[in-house]
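Let me begin by presenting the structure, written as structure tokens, before commenting on it.
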């Protein structure tokens, strides 16, 4: 029987907790994400957060497992929110790029670089880290030394500014073959 009063101040203890809980966490993640690779990533991120915040992990094994489950569930919710936002963006906001044009991906990347260059540096950093690098608002705020509310403000402002830029500059081929001049 494992002593429930052990501390998590050493990597060995976190490893022991991993051995004890990872299968159950993976099973939960699998049910929540429906993808085995995402599930592995979610469990890995859960334990990375535990390693970064060892002092926050309860010392009693059952409480530590409950803490890990809460972290995993929050990560799943965050990932789902990101997917919904990206799906909405892809469906409703992003310009449709003709797939038969082999230069389209290169043109799209160059267009994104030009659009991002119009943003002030801090706003650009927030949007790149959040949307292109996939970091959470909390991770961006820690990395940039900003409050989470400030990061969210910069993200909203950047999205509005990029949408205005797109509306002024984009000529988009519509699926019906017609052209729309968005400017």
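The values are calculated or read from the model by the stated rules, or taken from the named source; none is laboratory data. This structure is a prediction, so every number in the text was calculated from the model and none was measured. Note: ideal-geometry Cβ built from the backbone for every residue, glycine included; neighbour counts use all protein chains shown.
Couple of notes before you dig in:
- Answer residue from region 160-179, given it is under 23 Å from the mean Cα position of the chain (by Cα) and surrounded by fewer than 16 Cβ atoms within 10 Å (Cβ to Cβ) and is modelled with the lowest pLDDT among those: 163
- Some residue of region 126-142 being more than 15 Å from residue 85 (Cα to Cα), touching a residue at least 24 places away in the same chain (Cβ under 8 Å) and buried (at least 18 other Cβ atoms within 10 Å of the Cβ): yes
- Qualifying positions in region 27-39 - in a helix (DSSP H, G or I) and within 12 Å of residue 76 (Cα to Cα): 28, 29, 30, 31, 32, 33, 38, 39
- Against the test of being in contact with a helix residue (DSSP H, G or I) (Cβ under 6 Å, 6 or more places away or on another chain), closer than 26 Å to residue 132 by Cβ and modelled with pLDDT of 85 or more, the options 25, 68, 48, 72 yield a single qualifying residue, 72.
- All told, residue 78 meets the bar of being out of contact with any strand residue (DSSP E or B) (no Cβ under 7 Å at 6 or more places or on another chain), assigned to a helix (DSSP H, G or I) and either modelled with pLDDT of 80 or more or loosely packed, with under 14 Cβ neighbours inside 10 Å (or both).
- Out of 68, 48, sole residue that is assigned to a helix (DSSP H, G or I), loosely packed, with under 15 Cβ neighbours inside 10 Å and free of Cβ contacts under 8 Å to residues at least 60 places away in the same chain: 48
- Filter result for the condition that a residue is modelled with pLDDT under 85 and in contact with a helix residue (DSSP H, G or I) (Cβ under 6 Å, 6 or more places away or on another chain), over 106, 33, 39: 33
- Among the conditions (1) assigned to a helix (DSSP H, G or I); (2) closer than 23 Å to residue 162 by Cα; (3) at pLDDT below 85, the only one that residue 116 does not satisfy is (3).
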